[in-house]
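Shown next, in structure tokens, is the structure this report addresses.
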Amino acid sequence: MSEDALSNINERIQPLNENIKVKKAKKILPSIKDRIQLSNKNTKTIVNEFNKIYYDSKVWTRTYWFGVPILKCPTDLWVYQEILFEQKPDLIIECGTANGGSALFFASLFDLIGNGEIVTIDIEDKRDRPQHKRIKYLLGSTTSECILSEVTALAKNKKKILVILDSDHSKEHVLNELRLYNSFVTKGSYLVVEDTNINGHPVCLDFGAGPMEAVDEFLKEHRDFIVDTSKEKFFVTFNPSGYLKKIT
Ligand SMILES: C[S@@+](CC[C@H](N)C(=O)[O-])C[C@H]1O[C@@H](n2cnc3c(N)ncnc32)[C@H](O)[C@@H]1O
């Protein structure tokens, strides 16, 4: 058979094949409406399962910002980048420094923005934390009077302040921090409560009452804060219901 004749036959068969494929597909595949409902039902399960796989792999203990360990999920770091660009805070108060990776991350963004300082507090002193002109390290408990008066002095005359709670994750301590630090947050800015995903939300089932339970109680007392769920848009977050926006 000549090549021309062969291609002629192929051209005539192809539409028939396509037709059969479409008919078969219609029988096998659910309608688009069914597929959307199916996907909504499954989204939460898939997101939760991925959150557990991600958390349990402990990859967040092997995550770095310019070589410094940063104990956060990259999707949350991207959200911080968006918040910082939008808010351009003059000061970030961070409870819980660890290695200083998150403080350095914020300092790097502030360098790009051209404004902003970070005061970060930890009970542990670590020698090799990154030194940066925008970072001030304080040693002590976040809830101690001495630390609070230092923070108050640093916050004086700052127009926009954002607070991040990432120290002791027990409910009692976080609730105490929420009560002590919420007044530093300026209107329109954020009070971010880290690691609300623990104690089964959905990771670390047996942690006991933690950040999420503290947020629940705090929100009952404070109508001036709302949960900004738009900050959970990347599906995976260590801070579900933890991005609190001060509205009044
Ligand atoms: C989760 S780590 C902080 C992680 C860091 N922000 C980051 O993203 O890389 C928690 C830190 O809180 C500190 N910490 C625990 N209890 C504290 C307290 N009462 N006051 C201040 N820091 C505390 C711990 O020493 C630890 O370094």
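A few remarks follow.
- Relative contact order for region 113-189, counting Cα pairs under 8 Å that sit 6 or more residues apart, in percent: 25
- Packing here is the average count of other Cβ atoms within 10 Å per residue, and on that basis the peptides 215-226, 65-76, 237-248, highest first, run 237-248, 65-76, 215-226.
- Region 49-103 and region 123-145 have Cα centres separated by 17 Å.
- A rounded overall shape is assigned to region 63-246, the ratio a/c of its alpha-carbon gyration tensor axes (a ≥ b ≥ c) being less than 1.5.
- Working note: Karplus 6.51/-1.76/1.60 with θ = phi - 60° gives region 58-65 the couplings 6, 4, 5, 8, 10, 10, 10, 10 Hz, where Gly and Pro are set to x.
- Near residue 129, once Lys and Arg are set to +1 and Asp and Glu to -1 for all other residues with Cβ below 13 Å from its Cβ, the sum equals -2.
- Electrostatic tally near residue 158: other residues with Cβ closer than 11 Å to its Cβ, Lys and Arg +1, Asp and Glu -1, net +1.
- Couplings for region 108-125, taken from phi via the Karplus curve 6.51 cos²θ - 1.76 cosθ + 1.60 with θ = phi - 60°, read 4, 5, 5, 4, 5, 6, x, 7, x, 10, 10, 10, 10, 10, 8, 7, 9, 9 Hz in order; Gly and Pro are left as x.
- Hypothetical label at residue 71: residues of region 119-145 whose amide nitrogen lies under 11 Å (7 Å Cα-Cβ projection): 123-124
Only the coordinates and a few stated rules stand behind these numbers; no lab work does. Note that this is a predicted model, so its numbers are computed, not measured. Every residue, glycine as well, gets a Cβ built from its backbone with ideal geometry; the counts of neighbours run over all protein chains shown.
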